[in-house]
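The structure appears right after this line, and notes come after that.
Throughout, read-outs are computed from the coordinates displayed, never taken from laboratory work. Computed from a predicted structure; not experimentally measured. All Cβ positions, even for glycine, are placed from backbone atoms using ideal geometry, and neighbour counts span all protein chains on display.
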Amino acid sequence: MKRFENKTAIITGGGSGIGLACALRMASEGANIVIADIQEKESLAAVAKIRENGGKAIYVHCNVGIADDCKNAVQAAITEFKTLDLAINNAGIGGESNTLNDYSIEGWHKVMDVNLNSVFYCMKYEITEMHKHGGGSIVNISSILGHVGFANSSAYVTTKHALLGMTKNAAIENAMQNIRVNAICPGFIETPLLTGAGISQGNDMYNYIASLHSMKRLGKAEEVAAAVLWLLSDEASFVTGTDLLVDGGYVSV
């Protein structure tokens, strides 16, 4: 029996990076996948790959900063697969690089909407459906920057700290309804979010960031996905309200 046989999972930002790694791995373990993402081309390619390998998946266009989009994505899961058992709230952006006093008001609100408000929207609707269907498991993707600061990233750092508090509160409120809520805090991972910021293998910034980790390298999306799937699975049945570091020793340095 595969770990997620006959279960349905919604993954925001599932078209690339950590979200994609989770989608592919979960589908291989039997889950029905709903990719909720603003990136249509990448998401449709992911859906096609899952289906080619015998899995079930759909794509729902979703701007997670809009509450109705999050509601519609959850409803699409119910319409297509009749239930919602698992959720990975992964979508996020880095935001502008600026000191707090020079950070733009518009940029601040955008990061708040995509990284923090979106998880509130998603969990609001995910948990409502999980109540109806007997429980579930949710993993929110935070960051090492939910534990420490990082210069010129005040909005991102703020959202990732706040996300850990939201995770703990949701876990407390829903523990008796058989709903577990946890968070993952990855270190710097080789994803499009980093390459889009100009950080790629071999350049000075990449080498500097790698040096901040005890293992002296960046992580892989698949390494984060392995931890996410464990938290979602029944193997972690007594784990809720926690945040798991997958950071190559970054916070330990």
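A straight Cα-to-Cα reach below 16 Å connects LYS71 with the lysines LYS82, LYS124, LYS132, residues fewer than 8 places away in its own chain not being considered.
Rounded to the nearest 500, the 222 nm mean residue ellipticity of the chain from helices alone is -13000 deg cm²/dmol, with -39,500 (n - 2.57) taken per DSSP H run of at least 4 residues.
Applying 0.36 nm per residue to the separation of VAL251 and LYS82 and subtracting their alpha-carbon distance, the gain on full extension is 56.8 nm. Which FRET efficiency value, to the nearest 0.05, do you get for TYR208 and SER104 by plugging their Cβ-Cβ distance into 1/(1 + (r/R0)^6) with R0 = 22 Å? My answer for the efficiency is 0.30. Among the trypsin sites (Lys or Arg not before Pro) within the stretch 153-253, those in coil by DSSP and having at most 12 neighbouring Cβ atoms inside 10 Å are LYS216. Only alpha carbons enter this Debye calculation for the stretch 1-148, each as an equal point scatterer, and the log10 of I(q)/I(0) it gives at q = 0.10, 0.11, 0.18 Å⁻¹ is -0.34, -0.40, -0.99. Taking 7 Å steps out from each Cα toward its Cβ at PHE238 and ALA48 produces label points 4.7 nm apart.
Assuming charge only on the beta carbon of Lys and Arg (+1) and of Asp and Glu (-1), the dipole of the chain about its Cα centre is about 440 debye to the nearest 20.
Contact order, relative form, for the chain: 19 percent (alpha carbon pairs under 8 Å, 6 or more residues apart, mean separation divided by residue count).
Taken along the Cα-to-beta-carbon direction at a fixed 7 Å, the label points for ARG217 and LYS71 span 4.6 nm.
Contact order, relative form, for the stretch 1-90: 35 percent (alpha carbon pairs under 8 Å, 6 or more residues apart, mean separation divided by residue count).
The stretch 41-70 and the stretch 113-168 have Cα centres lying 20 Å from one another. Using only Cα atoms, tell me the angle between helix 17-28 and the longest principal axis of the chain; keep it within 0 to 90° and round to the nearest 10. That works out to roughly 30 degrees. Out of GLY202, GLN177, THR159, whose Cα points farthest toward the positive end of the dipole of the stretch 82-224 (charges: +1 Lys, Arg; -1 Asp, Glu; placed on Cβ)? Value computed over the given set: GLN177.
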